[in-house]
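The values are calculated or read from the model by the stated rules, or taken from the named source; none is laboratory data. Since the model is a prediction, treat every value here as computed from it, not as a measurement. Note that each Cβ is placed from the backbone with ideal geometry, even for glycine, and that neighbours are counted across all protein chains shown. Heads up: the accessible areas ignore ligands, DNA and RNA and are worked out on the full protein's heavy atoms, side chains in. Shrake-Rupley method; radii C 1.70, N 1.55, O 1.52, S 1.80 Å.
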Amino acid sequence: MTTRGERRRRVASGKQEEQDMVQATALPRNEAGIEAAIGVLKQRFGDQLQTGQAIREQHGHTTTWINTQAPDAVAFPTSTEEVASIVKTCAKYGVPVIPFGTGTSLEGHVNAPAGGICVDMMRMDQILKVNAEDLDVVVQPGVTREQLNTFLRDQGLFFPIDPGANASLGGMAATRASGTNAVRYGTMKDNVLALEVVMADGEVIRTAQRAKKSSAGYDLTRLMVGSEGTLGLMTEITLRLQGIPEAIRSARCSFRSVDDACRAVMMTIQYGIPVARMELLDEMSVAAANSYSKLSLPETPLLLLEFHGSDAGVLEQSETFAAIADEFGGFDIEATSSAEERNKLWQARHDMYWACMQIRPGTKGISTDVCVPISKLAECVGATQAKAEELGLIAPVVGHVGDGNFHSLVLVDMDSAEERRKADEFVSWLNDLAISLEGTCTGEHGIGQGKRPYLQKELGVATRYMAAIKAALDPDDILNPGKILSDRG
């Protein structure tokens with residue numbers, strides 16, 4: 001068994017990062033406990049517990065290049081009581097529990113490195129209560145963001161967090177998701193008011209009430225948000241809502257270079273314009289969007305923006321941005337309040353993964369993200385493009401640059417060992433670069449399995465205190481083991 005010291009030496013040498021990117025480490029399995037737990041749960045849940053190979057592999061599926069590690073069974077609870085029953089049984093026999101939403105996470109969060117029981121939350125998909133006067137809603141974890149916003153539309157309300165994929169709200173809370181609207185509305189940590197959580201022993205707790213603020217004790221809500229299922233299983237979520245803006249106006253602007261675009265972003269933020277969305281596409285991404293989404297944009301770096309407010313307010317904001325963009329050589333500036341035109345533009349942004357995959361058919365797209373202070377954004381994006389070119393990699397860049405977060409999608413021929421090695425090197429280098437610029441190795445994808453080595457580099461001794469929290473709340477390490485922390489201390 002690898003000792004703690006050996007793990008640390010590997011992380012320090014940079015070798016373990018490369019290995020972890022393509023091969024998730026297996027953990028010791030409790031074969032007798034797994035068999036016993038499945039027997040008990042099968043009696044209790046019948047067809048709500050499935051052990052077929054295809055469905056198990058589907059629930060171990062990961063959308064990155066980390067190898068799939070399937071659970072031994074998949075449970076489909078419909079209530080908090082059923083989730084608690086599953087966790088109590090697993091706790092009794094020392095069996096891992098892995099929560100599952102829609103499976104759109106990107107760093108191996110739903111893998112089962114020690115086997116165990118996957119708890120699929122998608123049948124817990126009820127919108128329990130809308131408190132329109134208080135601008136909040138109570139939902140089960142299997143509700144998706146699109147489902148919620150469709151339900152809310154007639155009430156003049158919406159939930160602003162938009163990570164692109166139609167993810168479940170439970171998964172979004174567990175990974176502390178954000179997305180295109182985060183620059184104005186924040187991330188999941190800013191929009192979750194309270195949680196109902198099943199803890200490692202099967203006990204059910206509430207982390208807070210519906211009040212918009214509280215000074216009552218430790219903030220367990222934010223402790224759970226972003227914990228990736230390692231501290232508890234969320235079964236009910238109270239979310240902050242927003243009123244649908246009176247007016248929405250989108251704008252786009254092309255630039256001669258990524259550096260010019262990033263400097264326009266910095267000035268826009270410093271000027272205090274309350275921009276709701278601010279997205280960057282580099283020249284390669286714009287070319288892909290033109291081809292895939294049938295657009296005719298200049299194939300140079302592009303900023304997409306959206307402004308929310310009154311008719312007069314959004315017009316003033318877009319005009320102020322246009323003046324700023326002009327200072328940095330912005331051209332082909334267009335703005336619109338037409339819903340059809342806005343939706344076409346933002347749909348193209350949300351389709352960027354598929355658009356970029358068409359640049360090099362037959363390859364696998366490896367999406368990685370980092371986030372840096374706004375003042376370091378131009379430097380980081382420019383260096384990222386240069387590094388990809390140096391290594392001979394195709395890696396288009398898109399990003400939520402209003403808060404310094406961007407993504408690089410590396411298109412890799414998985415049959416080429418040399419290309420996989422270069423992609424490993426690139427991803428490792430990018431994480432290290434972001435950390436060196438006082439940023440983070442992940443702005444919204446989370447740690448999961450893939451970014452564990454970088455968490456130690458980023459936070460150092462603070463990870464020991466994270467491990468202490470994990471040990472206190474889950475002493476037998478049954479909740480999504482092998483995620484976030486590289487070891488237990």
Inset, instruction - Inspect segment 414-431 for any residue being in contact (Cβ under 8 Å) with a residue 24 or more places away in the chain and within 30 Å of P274 (Cα to Cα) and give the result as yes or no. - result: yes
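Which residues, taken from segment 264-286, are part of a helix (DSSP H, G or I) and touching a Leu at 6+ places or on another chain (Cβ under 9 Å)?
A264, V265, M266, T268, E283, S285, V286 - these are the residues of segment 264-286 that are part of a helix (DSSP H, G or I) and touching a Leu at 6+ places or on another chain (Cβ under 9 Å).
This table checks each residue for (1) surrounded by fewer than 17 Cβ atoms within 10 Å (Cβ to Cβ); (2) in contact (Cβ under 8 Å) with a residue 60 or more places away in the chain; (3) assigned to a helix (DSSP H, G or I).
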{"residue": "R29", "(1), (2), (3)": "yes, yes, no"}
{"residue": "I38", "(1), (2), (3)": "no, yes, yes"}
{"residue": "R44", "(1), (2), (3)": "yes, no, yes"}
{"residue": "E57", "(1), (2), (3)": "yes, no, yes"}
{"residue": "T64", "(1), (2), (3)": "no, yes, no"}
{"residue": "A70", "(1), (2), (3)": "no, no, no"}
Inset, instruction - Name the one entry in G170, G164, G217 that is surrounded by 24 or more Cβ atoms within 10 Å (Cβ to Cβ) and not hydrophobic (A, V, I, L, M, F, W, C). - result: G170
Inset, instruction - Please indicate, with yes or no, whether at least one residue in segment 80-89 is open to solvent by 10 Å² or more (accessible area, probe 1.4 Å), modelled with pLDDT of 95 or more, under 26 Å from the mean Cα position of the chain (by Cα) and polar (S, T, N, Q). - result: yes
Inset, instruction - Return only the number of the condition from (1) free of Cβ contacts under 8 Å to residues at least 24 places away in the same chain; (2) over 25 Å from A70 (Cα atoms) that A471 does not satisfy. - result: (2)
Inset, instruction - Would you point out the residue of segment 250-275, among those that are among the hydroxyl-bearing types (S, T, Y) and open to solvent by 10 Å² or more (accessible area, probe 1.4 Å), that is nearest to E379 (Cα to Cα)? - result: S257
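Confirm whether I237 is of a type in the set (V, I, T), modelled with pLDDT of 95 or more and open to solvent by 30 Å² or more (accessible area, probe 1.4 Å). I'd like the intermediate steps shown before the answer.
Values: of a type in the set (V, I, T): yes; modelled with pLDDT of 95 or more: yes; open to solvent by 30 Å² or more (accessible area, probe 1.4 Å): no.
Taking the combined requirement at face value, the residue does not satisfy it.
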Inset, instruction - Report, ordered by the first and then the second residue, all pairs with beta carbons closer than 8 Å, sequence separation of six or more or different chains, a first member in segment 134-160 that is in contact (Cβ under 8 Å) with a residue 60 or more places away in the chain and of a type in the set (A, V, I, L, M), and a second member that is in a helix (DSSP H, G or I) and open to solvent by 20 Å² or more (accessible area, probe 1.4 Å). - result: L157/A132
Legend entry - Residue selected from segment 304-355 under the condition farther than 19 Å from C262 by Cα and of a type in the set (V, I, T), by the criterion least open to solvent (accessible area, probe 1.4 Å): V314
